[in-house]
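Quick notes on the structure that follows.
The values are calculated or read from the model by the stated rules, or taken from the named source; none is laboratory data. The structure presented is a predicted model; accordingly, all values stated were derived computationally and were not measured. Cβ placement follows ideal geometry from the backbone for every residue including glycine, while neighbour counts extend to all protein chains displayed.
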Amino acid sequence: MTEVATLYQFELCPYCHKVKAGLDLKGIAYERVEVNPMKKTELPELPADAPKKVPVLRLGERTVFDSTDILAFLDEVVPDKTPFIPTDDAAAAKSREIEQWVDDELTFAMPTVIYGTWGEAAKAAQITARTSNFGLVQNLAVRAGGSLIMHQVAKRILKKRGKTDAHAWMNENLDRIEAWLGDDDFLTGTAPSLADAAVHGAFTCIAEFPAFASIEKRPKLVAWYQRVADLRANNRPN
């Protein structure tokens, strides 16, 4: 495919990273538009029923929102390269289950380890300020007070989910991913699928944070992460 897609994103949005993993695995070239998290004026015109949030993808005449719908759209556009849904029924069901679990569970656990301690929250605030499309005043405000807000966000998530130990919760999630992976190269067998795009995107989102060390302690996950990263790099258009 020679047409270049446009991805409207926040750099620290795991759902945006999920879409980027999908684009890379499909070999679709894309440009990123960093959206201001407050004003969101960079977003293209959306249908009336569409939420005003990222990710949003434009490709040709199509504008698609919601990370799951975007990956389904990419599978329609490029069906033969890295099909996201395996032909085996059990593997297809597993792929969809993992992708949904990432959206419902993993992406909520990650902020609690990114922002869990004051030190982690302070680092997160600096990364957020550096990578996000904030104006000068907003940027300074995030650098100065972002750690307090982020730490409170982590505490609220833990309380809502009935958890008390963020790192224990994250390790439970990593245990589950390792169980799904088993001895296979990818999460649903011998080839990457929707599940691999979702999990790899989520992991990539926290690669700069200390929390990523919990993944690096697990050789099986590290080998899988690098395997998918290599595929993404090899499939990515020059």
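With respect to the stated conditions, GLY22 fails to be surrounded by fewer than 17 Cβ atoms within 10 Å (Cβ to Cβ), modelled with pLDDT of 90 or more and not assigned by TED's automatic domain parsing to the domain that holds PRO111. Of the residues making up segment 25-40, those that are at pLDDT 85 or above and farther than 20 Å from ILE85 by Cα are ALA29, TYR30, GLU31, ARG32, VAL33, GLU34, VAL35.
Taking into account only those residues within segment 197-228 that are more than 13 Å from the chain's Cα centre (by Cα) and β-branched (Val, Ile, Thr), which is nearest to ILE28 (Cα to Cα)?
The first filter runs over segment 197-228 and keeps only residues more than 13 Å from the chain's Cα centre (by Cα), leaving 208-228.
Now drop any that are not β-branched (Val, Ile, Thr), which leaves 215, 222, 228.
Working: ILE215: 28, VAL222: 25, VAL228: 16 Å.
Ranking the qualifying residues of segment 197-228, first place goes to VAL228.
Of all residues in segment 35-46, those that are over 14 Å from GLN9 (Cβ atoms) have Cβ atoms under 9 Å from Cβ atoms of residues that are in a loop (DSSP other than H, G, I, E, B) and modelled with pLDDT of 85 or more, 6 or more apart or on another chain, in THR41/VAL35; LEU46/LYS52. Scanning segment 222-238 for residues that are among the basic types (Lys, Arg) and either under 17 Å from THR190 (Cβ atoms) or assigned to a helix (DSSP H, G or I) (or both) yields ARG227, ARG232.
Quick check, is ALA124 buried (at least 19 other Cβ atoms within 10 Å of the Cβ), assigned by TED's automatic domain parsing to the domain that holds ALA195, over 19 Å from LYS18 (Cβ atoms) and at pLDDT 65 or above?
Working: buried (at least 19 other Cβ atoms within 10 Å of the Cβ): yes; assigned by TED's automatic domain parsing to the domain that holds ALA195: yes; over 19 Å from LYS18 (Cβ atoms): yes; at pLDDT 65 or above: yes.
So ALA124 passes the test.
Applying the criterion of being assigned to a helix (DSSP H, G or I) and touching a Pro at 6+ places or on another chain (Cβ under 6 Å) to the residues of segment 180-221, the residue that is modelled with the highest pLDDT is ALA202.
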